[in-house]
Amino acid sequence: MRRSQSSFPALILTLLALGGFGALVMYKAPSQPLLQPVVPTEVLPATSGNSWQEVLQAGFGDNSTPLPTVAIPTEAFVAPTLVSSGDTNAIPLGPSEIEVNPFATATPFSPSTPTLPPPTAAVVSTGAPVTAQAVTRQPVAWQPPPLVAPLSRDALGRDHYWFQRPVDSDATNYGLFYYPFGSDGPNEENVWRIHHGIDMPNPVGQTVRAAGSGTVIWAGDGVYQNSPSYGTVVVIEHDFGYRGEPLYTIYAHLSAALVPRGVYVNAGDVIALVGETGLVSGPHVHFEVRVNDNHYRSTYNPVLWMVPYVGHGVIAGRVVDAFGDLVSDADVTVKRWSTGLIHDTTTTYVLQDNELDVRSDPVWGENFVVGDVPVGRYEIIANIRGERVSKIIDVYEGTTAFVEISPVQPATAQPVDNDE
Ligand SMILES: [Zn+2]
């Protein structure tokens, strides 16, 4: 009895102790895996300072893919601007005259043509005569970097963005919008010669670079291929072709050719300086792409060959009549679908059924191209002999978005608004 009396609290204590231990075991059991230390089997060089790599390493062990360590910029990005050449003949531009969007507003510059009318639209309103030196002094709005050439992201391999642009990213390195490839200029009454290239207005002395690797087959001034129009010219025959045909690029109106004939150049090598030689009214580089034949009749739209910017694509299309024939000189408007605002305008190639016509791309068969289009959805509107036809397309980075616009096809767009 005494024994039992004295053993009762001992039993309670024992039960409490066991219960406590049990509770401790039950409490510790689920947390035990969390307390197991993660022991890395090896230290990968790429993991330093990269906590996500440790997570991957813990989850997948040696099969985890090392993540690159990207340095975080410590300074705010500053957009590049054109460096002043220091000459004092230029007319200073007021802030209101600086274009905000270089792809959507006019650059007051007159491209090459022997019978140039003075530019009437979108000329700076200083009241003083506009010189080319002045208008090309405009700070260039920030442009995203180009993608890396050669580039062909199209699943069917139709794209051939094999060239880089012939001028630097902080220069004007897109074609003058109002005189695009295949165009006869903006003035219906006083048409210019049909444009076989694109013009990039830049100050005299701006460096011109090889769009791709190859051999310089012409570098000089005077008459090139029986024409004085080109001024000082460099021509490269590339060491890569297109579908078995040779490829050429041409850089015209230069102030100096910096490479001799016969020399081999790599993509991006400085080959010349921008000038205003030949038949021009302002300094620019005229850039041509020729396929198969180094001849005026073998020029193709360079915008389908120059690698797009990051975040941008290209629209190419065919504007045809009810019989499926390409319509010349039709107005094409590119509207951003999300805002309804006009992004860009162009005209279809002027084709005259002669040997000197510009050429449509062998893959696309297009008669208009709009480059430097930010990715997104667009409505493409064509005026086909008075009839308004439109289609909706999506533009993806680094690829060509193709559209055929025909009056016999039902438009995928909203009902046509005839008030415009
Ligand atoms: Zn030109």
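Just so it is clear, none of the values below were taken in a lab; they were calculated from the coordinates. No experiment lies behind these values; they were computed from the predicted model shown. Using ideal geometry, Cβ is built from the backbone for each residue, glycine included, and neighbour counts are taken over all protein chains shown.
Counting other C-beta atoms within 10 Å, which of Trp337, Trp162, Trp142, Trp305 has the fewest, and how do the rest follow?
On the way: Trp337 16, Trp162 21, Trp142 13, Trp305 24.
Ranked by crowding around the Cβ, least crowded first: Trp142, Trp337, Trp162, Trp305.
Taking only the Cα atoms of the stretch 312-405, the ratio Rg/Rh comes out at 0.96, with Rh defined as the Kirkwood radius.
Each residue in Arg193, Arg318 was given a count of other beta-carbon atoms within 10 angstrom of its own, and listing them fewest first yields Arg193, Arg318. Label positions at Arg153 and Phe240, each projected 7 Å from the Cα along the C-beta direction, are separated by 1.7 nm.
By the count of other C-beta atoms within 10 Å, a proxy for reagent exposure, Met306, Met200 are ordered fewest to most as Met200, Met306. Among residues other than Ala316 with Cβ under 15 Å from its Cβ, the summed charge is -3 (Lys and Arg +1, Asp and Glu -1).
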